[in-house]
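For reference, the structure discussed in these notes is given below.
The values are calculated or read from the model by the stated rules, or taken from the named source; none is laboratory data. Treat the numbers as computed from the prediction; the structure is a model and nothing was measured. Here the Cβ positions follow ideal geometry from the backbone for every residue, glycine too, while neighbour counts run over all protein chains shown.
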Amino acid sequence: MTTAAGNRQVLVGEIEAGANRRAIYLLPPPEGANPATDLGWESFQDLPVPLIKLGPDGTVLAFNRMAAKLLGVSLRRKAHLSQLMEGLGRSISDWLDDSLAGRLVQKSEFLRLTRTDQEIFVQVSLNRISDGEEPALIAVLQDATELKSLEAQFVQSQKMQAIGQLAGGVAHDFNNLLTAISGHCDLLLLRHDQGDPDFSDLVQINQNANRAAALVGQLLAFSRKQTLRPETLNMRDTLADLTHLLNRLVGEKVTLTLSHDPVLAPIRADKRQLEQVLMNLVVNARDAMPAGGEIRIVTEVSTLEQPLERDRVSVPAGRYVTVQVNDDGTGIPRDRLQKVFEPFFTTKRTGEGTGLGLSTAYGIVKQTGGFIFVDSEVGRGTSFILYFPVLEGQPTTVSRASVSQPEEGLPQRSDGVILLVEDEAPVRAFASRALRLRGYTVLEAESAE
């Protein structure tokens, strides 16, 4: 190479840089070497790009410092590429053969390193070179962990959205069928007393229809399409009302401990649904500790000065009431942690759970305007943390709402005309019969048109 100081001998390295670009590196030759004849692999040691030299069979012949730093202690001479990377989707040997023969259409592949200490993805480009009489391959590596993480997060969010839409649609249609089933069952029960041989069968139909309706409610909660009845709540009062039930749920082997912020700010949420969230989290914590342990529920007021970026979610700055549910259980493996809020996903054995508990909690919290996150370590336990926006402009103590008493003396039969509009024929048939039994004249319509 000609420079201002005269001609200089350099080692030229050219590698693929992505986006149809190529990077050219001009390196000084090793001391005492004749660049025209005996430049060795040592010349590539200081390149800022991980490089691995492979034999035709995929064995490692040489590598530079950046490659050793990226792959860790598993990278050594004579190791096979399949021992270092996985996830190609086909035989690595076939991939190497295609590279040597020039049959590759796609020049680079994304692979996952076999390192056990951390999960790293790399983009690998293979380039054929001539090493004396025998061909060889240069593998150019690029850390693609962040790219794959973003891709996985995008796919996960799309999947959760699609599942939510599907669950909401199915739940709505299924709920109409259950309404008709349970409604006609109630009409039959009115005509049978407890001594009737068919009475117990009708009760079983009614109870199981109600169980199915509860599952539908959980699906609607996940899809965030259920109707909420928000009210001003104090988390201390809500947990106080729920403590007796939670103690019965956890059993004798598990200890339930509650710790509250001295001054808790009020929030706005549906009390019944919030209780459902807390029960689901406590039951999951209990099931994670079959030998017993301690469940700790901690509430406090937290102030976020800056938005909290976590798990594909941005929590806006502001004041929040946080609820943490911690256990000392078995923990959740890292590869399953991102799936815990998916409907029907469960780590329990068949018959021990529906897989809707955490997805229900997720849907209720999101519909309330809050956020839910999970941290877990296998063998050490799991922690769920919920963020609920503080209801500003309200006193820190919230009086308990009085329970309205039902009106007494409702007439058994009534006179009048009712226009019943319902697009689902089974639901319309049940409602029409029930109203006629009360003495009303019913005009039915499928729509308002």
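For segment 236-275, residues that are touching a helix residue (DSSP H, G or I) at 6+ places or on another chain (Cβ under 8 Å), in a helix (DSSP H, G or I) and either among the hydrophobic types (A, V, I, L, M, F, W, C) or closer than 22 Å to ASP375 by Cβ (or both) total 7.
Residues checked against (1) modelled with pLDDT under 80; (2) among the β-branched types (Val, Ile, Thr); (3) farther than 23 Å from ALA212 by Cβ:
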site	(1), (2), (3)
LEU100	no, no, yes
ASP117	yes, no, yes
ASP131	yes, no, yes
LEU137	no, no, yes
VAL155	yes, yes, yes
ALA162	yes, no, yes
ASN175	yes, no, no
THR179	no, yes, no
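Of the strands (runs of 3 or more DSSP E) that lie entirely inside segment 284-344, those containing 1 or more residues that are modelled with pLDDT under 90, among the basic types (Lys, Arg) and farther than 24 Å from ALA240 by Cβ span 308-310.
Candidates are the residues of segment 115-140 that are under 16 Å from LYS69 (Cβ atoms) and in contact (Cβ under 8 Å) with a residue 40 or more places away in the chain; the one that is surrounded by the fewest Cβ atoms within 10 Å (Cβ to Cβ) is ASP117.
When SER108 is tested against (1) in contact (Cβ under 8 Å) with a residue 60 or more places away in the chain; (2) over 35 Å from the mean Cα position of the chain (by Cα), just one condition goes unmet, and that condition is (2). Determine, yes or no, whether ASN326 is closer than 21 Å to THR368 by Cβ and buried (at least 18 other Cβ atoms within 10 Å of the Cβ). In short, no. Filter segment 45-79 down to residues that are assigned to a strand (DSSP E or B) and within 20 Å of GLN123 (Cβ to Cβ), then give me how many there are. Matching residues across segment 45-79 total 6.
Scan segment 269-287 and tell me whether some residue there is in contact with a strand residue (DSSP E or B) (Cβ under 7 Å, 6 or more places away or on another chain), farther than 23 Å from VAL340 by Cβ and surrounded by 16 or more Cβ atoms within 10 Å (Cβ to Cβ). Within segment 269-287 (the criterion being in contact with a strand residue (DSSP E or B) (Cβ under 7 Å, 6 or more places away or on another chain), farther than 23 Å from VAL340 by Cβ and surrounded by 16 or more Cβ atoms within 10 Å (Cβ to Cβ)), the answer is yes, since at least one residue qualifies.
Could you list all residues from segment 355-402 that are of a type in the set (S, T, N, Q) and either surrounded by 15 or more Cβ atoms within 10 Å (Cβ to Cβ) or at pLDDT 90 or above (or both)? First the steps, then the outcome.
So in segment 355-402, the residues of a type in the set (S, T, N, Q) come out as 359-360, 367-368, 376, 382-383, 394, 396-397, 399, 402.
If the condition is that a residue be of a type in the set (S, T, N, Q) and either surrounded by 15 or more Cβ atoms within 10 Å (Cβ to Cβ) or at pLDDT 90 or above (or both), then SER359, THR360, GLN367, THR368, SER376, THR382, SER383 are the ones that fit.
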